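Engineer: For reference, the structure I am asking about is given below.
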Amino acid sequence: MTMTLFLQSILAGLTNGFVYGLIGLGIAVVFRGARIINAMQGDFALLGSVVAYVVSTRLGVPMLPAFLTGVLAGGVLGLLVERLLIRPTEKRAGTEDSYLLVTLGGAFAVSAAVLLYFGRDSYVLNGIGGDASVDVLDAAIRVHAVWLIVISSVVVLALKLFYGHTRVGQAMLAASIDVDGSLTIGINVPLMRTLTFVTGGLMGGLAGVLVAPLINIHYEMGLLLTLKGFAAAILGGLISPVGAMFGGVLLGLVESLAVASVSSGYKDVITMVILILIMILMPQGLLGRRGRQGG
Amino acid sequence: MSRGQDVFLGIACAAAVATLVSASPIRAQTAQGEPIKIGAVVSLTGPGAGLGQPERNGMLLAEKDVNDKGGVRGRPIKILVEDDGSKADNAKNKAEQLIFDEKVVTILGPSLTASTGAVSAMTNSEGMAELAFTGLGPKIELSYKSLYHLLPPQELNARAMLEYTTKALNSKKIGVLHDTGYGQVVTNALNALKAQYGVEFVAVEKFEVGATDASAQAAKVRAADPDVVFIIATSPVPFRNARQVRISQPIVSAIGSSSYDYVRGMGEFADDIVFPEFLVGEDPLPHQVEFVKKYREAYNALPKNYEAAGWDAVHIIAKAVETAGPDAKREEIAKALRGPYAGVFAAYNFAADDMTGIQLSSYVYSKLVKGAFIRLPFVAK
Amino acid sequence: MASLTGMRNRLVVAVFVALLATVWSVVPLLAGRSTVDMLVFAALYAIAGLGVAFLLGQCGIVSLAQNVFFGIGAYSTAYGATVLGWPAPASMIMGIVISGAIAAAVGVPVLRLSGYFLALATLALAVIGHVLFLEWDWLTGGTLGIGGIPPLSPLGYRINTPVRFYYFVSPILLVLILIHYNLLRSRTGIAMRAMRDAPSAAAVLGVNIARLKVKVFVSSAILGSFAGSLFAHYVSFVSVDSFGVDRAINFLLIAVLGGARTIAGTVLGALFVTALPNFLSRIGDVHALLFAVLLIVAVIFLPQGFGGAVAQVWRHFGRRPDHAGRVTKGSPP
């Protein structure tokens, strides 16, 4: 393998890895706050990117406000999901599988709605710096990808601070760990749960607007992203946004290097086998913290 | 009732009938009577939608064209289009519906090879003619008596690519980037032809059909230092990735990748890509001009290959039913198809072994230059 | 007194069953061919879904790998029939043996995981299986697939129309359901429920949890393979696209919608997942969205799945007085 190929693989792997990590981040946030696996996370991203696209191309809004609108759209969808899907399920004593299935239904619904209103074509969202690339020796990485990595890292750290050091963040955690205890000390548990989904939605929307310029908006992209994000989150131990990011980057790098060094046909086989091995051999998830929620 | 009321009723009925008859358009050429039902199973949703929707547009335009010109032996045709969602099981189910419940005369489609496998097993056992929007499929088809293909076999597509590469670009070192579906089939055909054309595939990399990124694979192709790069996929993703990892060599692609959606998806990288295809809407060949004009008037867009195939399919079957007669037995209709037909898409010969009869000379080479297609003068023989 | 009421209950059950049987046998004569075709698919997917439901309902294991075994069964039949020239039962058994062996081999390390790790591991298996189906195209025909699989012909009678297949596969499905029903009531069934609800207690009482999990996983795989073989004979053509992750999600949907803790609910789940999209597609482009909405509604309002809802209705009508004349709840689900 030449140096260029190796370097290019690393860059591609990092880019994809942060994409997976962003989705996994959202899944971890929702799980941390509500103990629910959100099968719709990738579709939050889809919606965010579609809204950003519509606002920027059909309404002529410049890039940054359009991006922010997309992120907010994700948050709004998170709110709607909590009110319309999660609460009714909870009221009727849904099982763990019910929540998974209801969010899966939500994922299908978003995908079908996008297909209905926007058709089966893929759409291009302009990224930061357009299609420009930065050269690293003889390899290249898109300017937008660099921004994605930077913004994702900042967001992860911000979340860590949020959960660790703000009252609201701690309240959200408390509400999910111990409902009765939280109620006793006056935490508005239902509100915390809503906030969790809104935060998850915002993360999803952010993922969408950051990812879309790299991969083209397409009505089927939601579920695929969710699966990869799910793997990333699990690798990270499921409750930690930082862990999800690590998991995603690991996944992306393994994929790229598998292609470069072994074979592109068997890329997924290699990645999945390594995933299974990690789960069997490292039951605490990548970061080895106590209290992992994989099982 | 009294006599007077009877008379009144009779006059009222006659008046009503007379009004209805006079209200319908009096154009002697318009087809009238019991419509001849033609079934169509195409992929309107799912990964194959990029094929099925253009095919449907072409078919419906042709249906109108045929009916405006008097239909088949005076009777209008009616095309019943069903969606198989890009899945073979659904295709079988829809075909069951069309053949046994709707009692259609023939089946057009499907758009994908797997669906064609499922549907053709049925049409073959029923002796019904089928015009598939796919190329020749697995070997079992060679024993079928009434299946015809409207698209070239992948072997011919591979040949067309190699003809251009060796004769116009004078290159022998080729890197291939393909997807695991349609791309794999074409690549297999390419491999089988490499000795004949004296070329070497210095890199062959693949990615899944729905993949969001193929940069790593593209990088590997670049590292092998080819003279020309083949990209065979039904999505714009690999084209973008290839240019982004700094592949600067000319790119030759295949017919499935030349739609305007993909061009949009390629963004600024829709440049310097050659397609061996059959119809360049911006610059059609003389026998394609009328179709392009009609399509533009109806849909306000330029047609490409799959629309033309849909158009041809309907005209081909209309001609066959005209020859054999609408009440002819299925075997007779199938037999009436078994001959040459000069279509808009290509010059067919359904009596040929590959059930298509398209020759290399039917290919029209186009080049994507800054997002627009121009027709190349190159002709393969 | 009690015996009279007991007799009345038995009568109600008998009438209900007779009604069901009549409807079942008459449907193909009244419905169009494509409807019967769809019911056959529902039955085939119900068989595969039964495996997933059993694993989920009784052992609490979410398996997304059923598409792999479904595919192995289908390809074994395809390869056996077209390349090896074997009789149908032989190919079917080959598929079952391969599926069972893979399930056992993979199950031992993987089933040690729990919860979401296990679900992800089964998903990983689904992906691996799908890729191998694509890559090993010398065996599977890849995207082009394998065609020309002959229909089943027991004793020379060719089952090559939807109606014939309907009458063929429905009793098979019924038998499988009854077998699982019996399994639920057996000692193994109790052990499984103990493993699901109170693993530590079960372990203390001597239930070999790891072994039991593998056994159930293997039997689930066998069901999937069997369904796949029947599928191949029915469609006469198999291709990779039918055995992807979306198929695995479909099977899981069938299991959960059917109400994993009841067995017969799987049939209703299969009908929902197979028949509903088909009917809805006549409405037009909005059908995909409509299906998703109906799915959400079904999940929210029927947390125990269709089977659970039916069981509740059953219990309601099954109330009978005990010896003291007090009305108690009827038989357990």
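The values are calculated or read from the model by the stated rules, or taken from the named source; none is laboratory data. Since the structure is predicted, the reported quantities are computational estimates derived from the model, not experimental observations. Glycine gets a Cβ as well: all are built from the backbone with ideal geometry, and neighbour counts include every protein chain shown.
Engineer: Which residues, taken from region C:283-325, are modelled with pLDDT of 75 or more and closer than 26 Å to C:Arg33 by Cβ?
Structural biologist: C:Ile283, C:His287, C:Ala288, C:Leu290, C:Phe291, C:Leu294
Engineer: So, one more: Here are some residues: B:Tyr164, B:Tyr148. Which one is assigned by TED's automatic domain parsing to the domain that holds B:Ile77 and of a type in the set (Phe, Trp, Tyr)?
Structural biologist: B:Tyr148
Engineer: Follow-up. Identify, please: which residue in region A:110-127 is in a helix (DSSP H, G or I) and surrounded by fewer than 22 Cβ atoms within 10 Å (Cβ to Cβ) and is, among those, farthest from the other protein chains (Cβ to nearest Cβ)?
Structural biologist: A:Phe118
Engineer: Right, next: Restricted to region B:190-218, and to residues that are surrounded by fewer than 20 Cβ atoms within 10 Å (Cβ to Cβ) and among the aromatic types (Phe, Trp, Tyr), which residue is nearest to the other protein chains (Cβ to nearest Cβ)?
Structural biologist: B:Phe201
Engineer: Residues being closer than 16 Å to A:Leu224 by Cβ and surrounded by fewer than 24 Cβ atoms within 10 Å (Cβ to Cβ): count how many of those fall in region A:20-44.
Structural biologist: Matching residues across region A:20-44 total 0.
Engineer: Right, another one. Across region A:203-217, which residue is modelled with the highest pLDDT among those that are of a type in the set (Val, Ile, Thr) and either within 13 Å of the chain's Cα centre (by Cα) or under 8 Å from A:Ala45 (Cα atoms) (or both)?
Structural biologist: Here the residue is A:Val209.
Engineer: Based on what the data block shows, is B:Met128 closer than 18 Å to B:Val105 by Cβ and facing another protein chain (nearest Cβ under 10 Å)?
Structural biologist: Here the answer is no, as B:Met128 does not meet what is asked.
Engineer: Just for region C:129-141: of the residues that are in a helix (DSSP H, G or I) and in contact (Cβ under 8 Å) with a residue 12 or more places away in the chain, which one is farthest from the other protein chains (Cβ to nearest Cβ)?
Structural biologist: My answer is C:Leu139.
Engineer: Of B:Thr187, B:Thr165, which residue is crowded, with 20+ Cβ neighbours inside 10 Å, touching a residue at least 60 places away in the same chain (Cβ under 8 Å), more than 21 Å from A:Gly13 (Cα to Cα) and β-branched (Val, Ile, Thr)?
Structural biologist: Checking each option against the conditions leaves just B:Thr165.
Engineer: In region B:116-207, which strands (runs of 3 or more DSSP E) lie fully inside it and hold 1 or more residues that are under 18 Å from the mean Cα position of the chain (by Cα) and within 25 Å of B:Gly52 (Cβ to Cβ)?
Structural biologist: Ranges flagged: B:130-132, B:147-149.
Engineer: Output the residues belonging to region C:247-302 that are touching a Leu at 6+ places or on another chain (Cβ under 6 Å) and of a type in the set (S, T, N, Q).
Structural biologist: Scanning region C:247-302 gives a single hit, C:Thr266.
Engineer: Residue by residue through region B:91-115, note down the ones that are assigned to a helix (DSSP H, G or I), touching a residue at least 24 places away in the same chain (Cβ under 8 Å) and under 19 Å from C:Tyr234 (Cβ atoms).
Structural biologist: If the condition is that a residue be assigned to a helix (DSSP H, G or I), touching a residue at least 24 places away in the same chain (Cβ under 8 Å) and under 19 Å from C:Tyr234 (Cβ atoms), then B:Ala91, B:Lys92, B:Lys94, B:Ala95, B:Glu96, B:Leu98, B:Ile99, B:Ala114, B:Ser115 are the ones that fit.
Engineer: Restricting the search to region B:67-87, which residues are within 12 Å of chain C (Cβ to nearest Cβ) and either of a type in the set (Ser, Thr, Tyr) or part of a loop (DSSP other than H, G, I, E, B) (or both)?
Structural biologist: B:Asp84, B:Gly85, B:Ser86, B:Lys87
Engineer: Give the number of residues within region C:142-189 that are under 23 Å from C:Val238 (Cα atoms), away from chain B (no Cβ under 14 Å) and in a helix (DSSP H, G or I).
Structural biologist: 7
Engineer: Given the structure, is A:Ala45 within 30 Å of A:Pro190 (Cα to Cα), out of contact with any strand residue (DSSP E or B) (no Cβ under 7 Å at 6 or more places or on another chain), within 13 Å of chain B (Cβ to nearest Cβ) and outside any loop (DSSP other than H, G, I, E, B)?
Structural biologist: Here the answer is yes, as A:Ala45 does meet what is asked.
Engineer: For C:Arg193, indicate whether it is under 15 Å from C:Cys59 (Cβ atoms), charged (D, E, K, R) and either buried (at least 20 other Cβ atoms within 10 Å of the Cβ) or free of Cβ contacts under 8 Å to residues at least 40 places away in the same chain (or both).
Structural biologist: No, not satisfied.
Engineer: Quick check on region B:329-341. Is at least one of its residues closer than 23 Å to B:Tyr144 by Cα, surrounded by fewer than 22 Cβ atoms within 10 Å (Cβ to Cβ) and within 17 Å of the chain's Cα centre (by Cα)?
Structural biologist: Yes: region B:329-341 contains one or more residues that are closer than 23 Å to B:Tyr144 by Cα, surrounded by fewer than 22 Cβ atoms within 10 Å (Cβ to Cβ) and within 17 Å of the chain's Cα centre (by Cα).
To keep it simple, each residue is scored yes or no on (1) buried (at least 24 other Cβ atoms within 10 Å of the Cβ); (2) over 18 Å from the mean Cα position of the chain (by Cα); (3) outside the structural domain of B:Val209 (by TED's automatic domain parsing).
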residue	(1), (2), (3)
B:Phe269	no, yes, no
B:Pro303	yes, no, yes
B:Gly310	yes, no, yes
B:Ile317	yes, no, yes
B:Thr323	no, yes, yes
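Engineer: Moving on to the next point. Going through A:Gly248, A:Gly265, A:Gly285, A:Gly252 one at a time, which residue ends up being modelled with pLDDT under 85 and on the phi < 0 side of the Ramachandran plot?
Structural biologist: It is A:Gly265.
Engineer: What are the residues in region B:100-112 that are crowded, with 24+ Cβ neighbours inside 10 Å and facing another protein chain (nearest Cβ under 9 Å), if any?
Structural biologist: Answer for region B:100-112, where residues must be crowded, with 24+ Cβ neighbours inside 10 Å and facing another protein chain (nearest Cβ under 9 Å): just B:Leu112.
Engineer: In region B:219-262, what residues are within 11 Å of chain A (Cβ to nearest Cβ), of a type in the set (Val, Ile, Thr) and touching a Leu at 6+ places or on another chain (Cβ under 6 Å)?
Structural biologist: Passing the criteria: only B:Val221.
Engineer: Give the residue, chosen from A:Ala39, A:Ala93, that is farther than 30 Å from B:Ala223 by Cα, free of Cβ contacts under 8 Å to residues at least 60 places away in the same chain and not in a helix (DSSP H, G or I).
Structural biologist: Step by step, each of A:Ala39, A:Ala93 is checked, and only A:Ala93 is farther than 30 Å from B:Ala223 by Cα, free of Cβ contacts under 8 Å to residues at least 60 places away in the same chain and not in a helix (DSSP H, G or I).
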